[in-house]
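K.L.:
Before we start, here is the structure in question, set down as C-alpha cells.
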Amino acid sequence: MSSQPQRFEILLVPQHVEGKEGAELVESAIRSAVVEATGQYGASGYPRYVGGGLEADIDPETRTVEALLVDGAELDYGLSARVVEAGG
C-alpha cells in the first residue's frame with residue numbers, strides 16, 4: 001500500500017475545459033483541494049482520499065475520480081473533477 005500516492009490535488013473544472021492541461025487547467029478550476037489518503041477503501045473499491053471539503057475514491061494508477069462528494073453532496077452537473085499532483 002505504500003506505493004499508492006498519499007495525496008493528490010483535485011480540481012473542479014467546468015466540463016467545457018476538456019483537453020486543457022497544466023497551468024491552463026489550474027487557472028480554469030473553480031475550486032481545488034488537496035486530499036490525503038485515509039487508508040480506507042470506498043464503495044467503488046478504490047482508495048479513499050479526503051480534504052478541503054472533498055471526499056473522493058481515486059484510482060491511483062489512472063488518476064481517475066471514481067466517486068466524489070463535495071461538501072457532502074454529489075458534484076454539480078456541468079463540472080468535472082481532475083486529479084493532479086499535489087503541490088508542496
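The values are calculated or read from the model by the stated rules, or taken from the named source; none is laboratory data. Please read these numbers as outputs of a predicted model, since none were measured by experiment. Here the Cβ is made from the backbone with ideal geometry for all residues, glycine too, and neighbour counts use every protein chain on show.
K.L.:
Could you tell me how many of the residues in the range 6-27 are of a type outside the set (D, E, K, R), under 17 Å from Tyr77 (Cβ atoms) and surrounded by fewer than 15 Cβ atoms within 10 Å (Cβ to Cβ)?
P.N.:
Number satisfying all stated conditions: 3.
K.L.:
Oh, and also: State which residue is surrounded by the most Cβ atoms within 10 Å (Cβ to Cβ) when the search covers only the range 31-44 and only residues that are assigned to a loop (DSSP other than H, G, I, E, B) and not aliphatic (A, V, I, L, M).
P.N.:
By that ranking, first place goes to Gly42.
K.L.:
When you go through Glu66, Glu21 one by one, which is the residue that is closer than 14 Å to Arg82 by Cβ, of a type in the set (D, E, K, R) and over 11 Å from the mean Cα position of the chain (by Cα)?
P.N.:
Exactly one residue qualifies, and that residue is Glu21.
K.L.:
Do you know which of the residues in the range 45-77 that are touching a strand residue (DSSP E or B) at 6+ places or on another chain (Cβ under 6 Å), at pLDDT 95 or above and assigned to a loop (DSSP other than H, G, I, E, B) is surrounded by the fewest Cβ atoms within 10 Å (Cβ to Cβ)?
P.N.:
Gly52
K.L.:
Sticking with this structure for a sec: The conditions are (1) aliphatic (A, V, I, L, M); (2) closer than 16 Å to Val13 by Cα; (3) touching a residue at least 60 places away in the same chain (Cβ under 8 Å), and Ile30 fails exactly one of them. Which is it?
P.N.:
(3)
K.L.:
Quick one: would you say Val13 is under 18 Å from Thr62 (Cβ atoms) and touching a helix residue (DSSP H, G or I) at 6+ places or on another chain (Cβ under 6 Å)?
P.N.:
Yes: the conditions hold for Val13.
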